[in-house]
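Enquirer: Before I ask anything, here is the structure I am working with.
What follows draws every value from the coordinates through simple rules; no lab data is involved. Small disclaimer: the values here were computed from a predicted structure and weren't measured. Quick reminder, even Gly has a Cβ in these numbers, built from the backbone with ideal geometry, and neighbours come from all protein chains shown.
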């Protein structure tokens, strides 16, 4: 791995970025594939586990859902459209819990991110045409859906993943910090 970083350093030094960032700063335009429908109208930090939502996709995408009902869970990617840019933070304390040390926002599941994108793995209860009924989606009514993907346990779950010591200690107590 060290060789890779040294190569990247050499590449940047040799060819440079000519005074510009290699990371684009312009806004991306993404067309939603659907919308979330449920009875939740106000964002909240927790309490989503048993919320039932309908993910309604555009009618012309109906054929693209073929086979999705064979999965018990799906991944929903959505826009955090109600978070004003002025609310973005550099650091947050997950769940506003004093036991959790303040973290950089990108090291949390906070919605106060520089790119307001949410991702959730949810239980797929049923599908009827272009509507998927799901449980556990942490998105309010009217949230634009950007993409839907099937969840593959052997691909998406990482058995040897690790978390910080503070999160391990809280997990041992049965506590899960709010997203």
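Enquirer: Quick one: angle between helix 2-15 and the longest Cα principal axis of the chain, in degrees between 0 and 90, rounded to 10, please.
Expert: Orientation of helix 2-15: about 70 degrees from the principal axis.
Enquirer: Using R₀ = 35 Å, calculate the FRET efficiency as 1/(1 + (r/R₀)^6) where r is the Cβ-Cβ separation of residue 172 and residue 112; round to 0.05.
Expert: Step by step, r from the Cβ atoms, then E = 0.80.
Enquirer: Highest GNM mean-square fluctuation, the chain, Cα pairs closer than 10 Å: which of 134, 83, 121?
Expert: 83
Enquirer: How many percent of the alpha carbon pairs in the stretch 85-174 exceed a separation of 22 Å?
Expert: Value for the stretch 85-174: 47 percent of Cα pairs lie more than 22 Å apart.
Enquirer: Rounded to a whole number of µm²/s, how large is the Stokes-Einstein D of the stretch 98-143 at 25 °C and 0.890 mPa s, given Rh as the Kirkwood radius over C-alpha pairs?
Expert: Taking Rh from Cα pairs, D becomes 185 µm²/s.
Enquirer: With a point put 7 Å past each Cα toward its Cβ, work out how far residue 85 is from residue 3 in nm, to one decimal.
Expert: 4.4 nm
Enquirer: Per residue, how big is the convex hull of the chain when only Cα atoms are used? Give it in Å³.
Expert: So the per-residue hull volume is 187 Å³.
Enquirer: Within 10 Å of each residue's Cβ, count the other Cβ atoms and sort 73, 41 from fewest upward. Present the calculation step by step, with values, prior to reporting the outcome.
Expert: On the way: 73 17, 41 9.
Neighbour counts put them in this order, fewest first: 41, 73.
Enquirer: Any idea what Rg and Dmax come out to for the stretch 43-134 if you just take the C-alpha atoms, in Å?
Expert: Both quantities, over Cα of the stretch 43-134: 16.1, 48 Å.
Enquirer: Specify the residue with the greatest mean-square fluctuation among 130, 38, 154, computed from a Gaussian network of the chain linking alpha-carbon atoms under 10 Å apart.
Expert: 154
Enquirer: Using only the alpha-carbon atoms of the stretch 28-72 as identical scatterers, what base-10 log of I(q)/I(0) does the Debye formula give at q = 0.20 Å⁻¹?
Expert: -0.90
Enquirer: Could you state the number of Å between the C-alpha centres of the stretch 118-140 and the stretch 57-113?
Expert: Using only Cα atoms, the two centres lie 13 Å from each other.
Enquirer: I've got another one for you. Taking only Cα atoms and a 10 Å spring cutoff, compute GNM fluctuations for the chain and point out the largest among 101, 114, 159.
Expert: Of 101, 114, 159, the most mobile in the Gaussian network model is 159.
Enquirer: Considering every Cα-Cα pair within the stretch 1-84, what fraction, in whole percent, is farther apart than 17 Å?
Expert: Here the tail beyond 17 Å accounts for 70 percent of pairs.
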